[in-house]
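A.B. asks: The following block contains the structure, expressed as structure tokens.
The values are calculated or read from the model by the stated rules, or taken from the named source; none is laboratory data. In this text, all values refer to a predicted model and were calculated from it rather than measured experimentally. Cβ atoms come from the backbone with ideal geometry, glycine included; neighbour counts cover every protein chain shown.
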Protein chains: 2
Amino acid sequence: MSDKKSFSPSRRTFLTASAAAGGALASGQLVHAQAATPDPLITEAQPWRQYLGAGVDAAPYGMPSPYESEVVRRTVPWLTADLVSSINFTPLHELDGIITPNGICFERHHGGAAEIDPADHRLMINGLVDTPMVFTMEDIMRFPRENHVYFLECAANTGMEWAGAQLNGCQFTHGMIHNVEYTGVPLRLLLEEAGVQTNGRWLLAEGADAAGMTRSIPMEKALDDCLVAFKMNGEALRVEQGYPLRLVVPGWEGNMWIKWLRRLEVGDEPWHHREETSKYTDLLEDGDARRFTWVMDAKSVITNPSPQAPILHGPGPTVLTGIAWSGRGTIPRVDVTLDGGRNWHQARMSGPSLDKSMHRFYYEFDWDGSPLLLQSRAIDSTGYVQPTKEQLREFRGENSIYHNNGIQTWFVNENGEAENVEVG
Amino acid sequence: MSDKKSFSPSRRTFLTASAAAGGALASGQLVHAQAATPDPLITEAQPWRQYLGAGVDAAPYGMPSPYESEVVRRTVPWLTADLVSSINFTPLHELDGIITPNGICFERHHGGAAEIDPADHRLMINGLVDTPMVFTMEDIMRFPRENHVYFLECAANTGMEWAGAQLNGCQFTHGMIHNVEYTGVPLRLLLEEAGVQTNGRWLLAEGADAAGMTRSIPMEKALDDCLVAFKMNGEALRVEQGYPLRLVVPGWEGNMWIKWLRRLEVGDEPWHHREETSKYTDLLEDGDARRFTWVMDAKSVITNPSPQAPILHGPGPTVLTGIAWSGRGTIPRVDVTLDGGRNWHQARMSGPSLDKSMHRFYYEFDWDGSPLLLQSRAIDSTGYVQPTKEQLREFRGENSIYHNNGIQTWFVNENGEAENVEVG
């Protein structure tokens, strides 16, 4: 909720009054806002009770309330030279649950968002196959489909943190992620249709955008759980997410989820293209580069409170919430600390726990008004524990851009304002 | 996919060519669209490969592709006297998976959609409680939250079918339903805060809209799984869905999910207001009326093919899909028939199977081009089997408007065009 902006000073007074009467978490009473003092917002009729509202023909495709106008994707202009080869970020601090609405899923383009008429879109399969093929969208719609909720995280998400706390807001530190329900055809079915030859061990996926994005994908993954997807959250893919067709590579870095998918070439070795050599490799201290680091390891972040979502209500009952995910399975457990790691508390998970999907956690506490050092630590279904940034740097140095899944810290001051900091 | 409108005549020719080469479902080959004939859409550069697309600052809150402009909510003007007390319908035939995007969730208002500043919204709890209370939105945000994907179905959904096949399209026969992830505070926690007195056995929920919608809810349900919700699919509720606060009454008729929730009164008996006497009761043949028929029983519908989504590709491999749901649990099984009930086939379920949530089913078959009588039949986790319309009418007559969960039939002719019909 973007209450921050909408509370006028008089509202703040009311809120303070109600908060002052509460705070006794231990006794089970969270918040008292007694009706002893007549509140004109209860006793008098507001305009929306006196006059008819909008009819059902007002918005064939609806939009959020005007009071939610700040809940949007945001860019960081200085991050990239041009906005057609750039990123915007999901407003994680304004969201709850696990589903990301399609309109605010982060974008990453390399040549702008291609706008394609689905009638003119084709998917070709060539290379080491028995029968090279070209599919129309309607052809693809005749294969059996599956539905899965998956997170998509850019490998560069949280990349600015390798060298220390940089960006002030979890929208910017962690917002290169979204989590939607994808509908698509298992890639395996299309490859079986073309007939992959015995030496076909790699796949090159190519986009139809001006960047001609390409990535090499091992055949084992392609035949396992990849989808050729045409819907997200029930409706057609959004243009900026690859309409009409994108590759879904569950649990692996977002760069491989080729958008505007036009071609799949089967080969016997990887192609070593730009996006898997110059980019999306991890330069270590000794000059070696880690390559083909595809899986997104377990990670979490506290979305509230956070720099863009301070505690506005003062001391007393406070809801801490955040998200966690792993490219290797589910997240059975998240721990949180209020004091920079001295004491850890098991968070409460709520919502569907699905394979390679975002998970939502909560920790309710009674804030005494003193400064906090907030951290969360995810543990995935393989037993892997999200590392500290220090632990990551020990093995990977500070040259990396990608695959920073270290524990994030927010410092909260006595006024409830939060800041991105490093500890340790 | 709204391919129907976007295929130009030349595209149709191409499609026919590719379909003609396929069709051998039994051999494992679904669709052949061989690249033997050079296709200019593969061999030549399209505009979207030659020119940069839109940048990441183009749409802070994004919208669907212009090619999806027909995927919208639709009204049926003659159904109601005025559009501020009316319905629009979810375009089910254009969707897949289980999540309904927020922008196209059906609406039902009784006095128009109230537009409320969340800073000015209050929720009062009064009546048989120890401490009458008034909550601001921020107060509510300090209670523990939960996340659940639930369907919301209007009791009048499919109501026009009591007297026989009426509306031609599953958007109109079954589109008074949506399925989203809700985030909210368990109603139980707010009631515990106020302290429900021992004789408090009913709850009156009241909306802040001009209609002042009210419904009586038994305390047992209120304390069980109801939520006071403020988010849907991750973001704030939409205005037309009760922003900033609505009641969620899982598995029960949509009319009880009071929008713009402003008051909860605790009492010792139901209030017998308009919406539970004159409306939302089921008049039987003998003049008696069934009352308090809250639960939405198991139901399903085939969304594709259907009257608004004909088979365009001619004979051969065909994907049949639809949705199923039950207010009493999950849907472990759906059966479908192609011949009006002579032969039933178990459908394939795909996607999350969640309590009181929509489920997605598929049945792939090789259409020989002869006419079809399509039906689906849901079986829920209690073992309840979706009845035929005939079975329903036997007990409930034809006076009813509400709670028609009978089996729906689409007739598909040799051209693939579908029509709403009655069988038996």
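Condition check ((1) at pLDDT below 95; (2) touching a helix residue (DSSP H, G or I) at 6+ places or on another chain (Cβ under 8 Å); (3) within 30 Å of B:R73 (Cα to Cα)) across all residues:
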position: A:M1; (1), (2), (3): yes, yes, yes
position: A:S8; (1), (2), (3): yes, yes, no
position: A:L25; (1), (2), (3): yes, no, no
position: A:T43; (1), (2), (3): yes, no, no
position: A:R49; (1), (2), (3): yes, no, yes
position: A:L92; (1), (2), (3): no, yes, yes
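A.B. asks: In this structure, does B:R274 turn out to be at pLDDT below 95, over 28 Å from B:K389 (Cβ atoms) and outside the structural domain of B:W410 (by the TED database)?
C.D. replies: Yes; evaluated as a whole, the condition is true for this residue.
A.B. asks: Take A:E414 and decide whether it is among the acidic types (D, E) and touching a Pro at 6+ places or on another chain (Cβ under 8 Å).
C.D. replies: yes
A.B. asks: Select from the stretch B:393-421 the residues that are at pLDDT below 95 and either in a loop (DSSP other than H, G, I, E, B) or aromatic (F, W, Y) (or both) and list them in ascending order.
C.D. replies: Across the stretch B:393-421, the qualifying residues are B:F395, B:G397, B:E398, B:N399, B:S400, B:I401.
A.B. asks: What pairs come up if the first residue lies in the stretch A:128-153 and is in contact (Cβ under 8 Å) with a residue 24 or more places away in the chain and more than 25 Å from A:C105 (Cα to Cα), the second is charged (D, E, K, R) and assigned to a loop (DSSP other than H, G, I, E, B), and their beta carbons are under 8 Å apart, counting only those six or more places apart or on different chains?
C.D. replies: Listed pairs, sorted by first residue: A:L128/A:D268.
A.B. asks: Separate question: Surrounded by 24 or more Cβ atoms within 10 Å (Cβ to Cβ) and at negative phi: which single residue out of B:I311, B:I323 fits that description?
C.D. replies: Only one candidate qualifies: B:I323.
A.B. asks: Further question on the same structure: Is the stretch B:162-173 home to any residue that is among the aliphatic types (A, V, I, L, M), in contact with a helix residue (DSSP H, G or I) (Cβ under 9 Å, 6 or more places away or on another chain) and free of Cβ contacts under 8 Å to residues at least 60 places away in the same chain?
C.D. replies: Taking every residue of the stretch B:162-173 in turn, none turns out to be among the aliphatic types (A, V, I, L, M), in contact with a helix residue (DSSP H, G or I) (Cβ under 9 Å, 6 or more places away or on another chain) and free of Cβ contacts under 8 Å to residues at least 60 places away in the same chain.
A.B. asks: Now for a separate question. Can you confirm whether B:R342 is closer than 29 Å to B:Y280 by Cα and basic (K, R)?
C.D. replies: No; evaluated as a whole, the condition is false for this residue.
A.B. asks: Follow-up. Scan the stretch A:344-363 residue by residue and report those that are of a type in the set (D, E, K, R), within 26 Å of A:W252 (Cα to Cα) and surrounded by fewer than 20 Cβ atoms within 10 Å (Cβ to Cβ).
C.D. replies: A:D355
A.B. asks: Quick one: count up the residues across the stretch B:85-99 that are facing chain A (nearest Cβ under 7 Å) and among the polar types (S, T, N, Q).
C.D. replies: 2
A.B. asks: Residue by residue through the stretch A:318-354, note down the ones that are in contact with a Ser or Thr (Cβ under 6 Å, 6 or more places away or on another chain), within 14 Å of another protein chain (Cβ to nearest Cβ) and assigned to a loop (DSSP other than H, G, I, E, B).
C.D. replies: Within the stretch A:318-354, A:T330, A:S353 meet the criteria.
A.B. asks: Of all residues being touching a residue at least 60 places away in the same chain (Cβ under 8 Å) and touching a Lys or Arg at 6+ places or on another chain (Cβ under 9 Å) in the stretch B:330-351, which is nearest to A:S357 (Cα to Cα)? Just the residue, please.
C.D. replies: Taking the candidates together, the pick is B:G351.
A.B. asks: Further, regarding this structure: May I ask you to say which residue of A:D57, A:D39 is out of contact with any Phe, Trp or Tyr (no Cβ under 7 Å at 6 or more places or on another chain), over 16 Å from B:D120 (Cα atoms), outside the structural domain of A:T303 (by the TED database) and among the acidic types (D, E)?
C.D. replies: Going through A:D57, A:D39 in turn, just one is out of contact with any Phe, Trp or Tyr (no Cβ under 7 Å at 6 or more places or on another chain), over 16 Å from B:D120 (Cα atoms), outside the structural domain of A:T303 (by the TED database) and among the acidic types (D, E): A:D57.
A.B. asks: If a residue has to be part of a loop (DSSP other than H, G, I, E, B) and either at the interface with another protein chain (Cβ under 7 Å from one of its Cβ atoms) or surrounded by fewer than 21 Cβ atoms within 10 Å (Cβ to Cβ) (or both) to count, how many in the stretch B:100-114 make the cut?
C.D. replies: Residues meeting the conditions: 8.
A.B. asks: Name the single residue that is farthest from the chain's Cα centre (by Cα) among those in the stretch B:106-117 being closer than 12 Å to B:I87 by Cβ and not basic (K, R).
C.D. replies: Once the filter is applied, the top-ranked residue is B:H110.
A.B. asks: Does B:I407 satisfy the criteria of being surrounded by 21 or more Cβ atoms within 10 Å (Cβ to Cβ) and of a type outside the set (G, A, S)?
C.D. replies: When the stated conditions are applied, B:I407 passes them.
A.B. asks: Same structure, new question: Restricting attention to the stretch B:295-310, does a residue exist that is part of a helix (DSSP H, G or I) and more than 30 Å from A:P144 (Cα to Cα)?
C.D. replies: no
Conditions tested, residue by residue: (1) more than 8 Å from chain A (Cβ to nearest Cβ); (2) within 30 Å of B:I323 (Cβ to Cβ); (3) among the hydrophobic types (A, V, I, L, M, F, W, C); (4) not in a loop (DSSP other than H, G, I, E, B).
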residue	(1), (2), (3), (4)
B:L41	no, no, yes, yes
B:Y61	no, yes, no, no
B:L83	no, yes, yes, no
B:I116	no, no, yes, no
B:A119	no, no, yes, yes
B:M124	no, no, yes, yes
B:T131	no, no, no, no
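A.B. asks: Looking only at the stretch B:256-274, filter to residues that are part of a loop (DSSP other than H, G, I, E, B) and within 18 Å of B:D225 (Cβ to Cβ); which one of those is nearest to the chain's Cα centre (by Cα)?
C.D. replies: Ranking the candidates gives B:W257 first.
A.B. asks: Can you give me the number of residues within the stretch A:241-270 that are charged (D, E, K, R) and buried (at least 22 other Cβ atoms within 10 Å of the Cβ)?
C.D. replies: Going through the stretch A:241-270 one residue at a time, the tally reaches 4.
A.B. asks: Going through the stretch B:371-383 one residue at a time, which ones are over 20 Å from the mean Cα position of the chain (by Cα) and over 27 Å from B:N413 (Cβ atoms)?
C.D. replies: Once the filter is applied, which keeps residues that are over 20 Å from the mean Cα position of the chain (by Cα) and over 27 Å from B:N413 (Cβ atoms), the stretch B:371-383 yields B:T382, B:G383.
A.B. asks: In addition: Consider the stretch A:144-172. How many of its residues are away from chain B (no Cβ under 14 Å), crowded, with 22+ Cβ neighbours inside 10 Å and within 14 Å of A:Y402 (Cβ to Cβ)?
C.D. replies: Final tally of qualifying residues: 4.
A.B. asks: Also, I was wondering about something else. Just a yes or no: is a residue in the stretch A:149-170 more than 30 Å from A:Q391 (Cα to Cα), outside any strand (DSSP E or B) and either out of contact with any Gly (no Cβ under 7 Å at 6 or more places or on another chain) or among the basic types (K, R) (or both)?
C.D. replies: Looking for residues that are more than 30 Å from A:Q391 (Cα to Cα), outside any strand (DSSP E or B) and either out of contact with any Gly (no Cβ under 7 Å at 6 or more places or on another chain) or among the basic types (K, R) (or both), one finds none in the stretch A:149-170, hence no.
A.B. asks: Same structure, new question: Quick one: in the stretch A:64-73, of everything that is within 7 Å of chain B (Cβ to nearest Cβ) and not aromatic (F, W, Y), which residue is surrounded by the fewest Cβ atoms within 10 Å (Cβ to Cβ)?
C.D. replies: Per the criteria, the residue is A:V72.
A.B. asks: Given the conditions (1) farther than 23 Å from B:G212 by Cα; (2) modelled with pLDDT under 95; (3) out of contact with any Leu (no Cβ under 8 Å at 6 or more places or on another chain), report the number of the one that B:T80 does not fulfil.
C.D. replies: (1)
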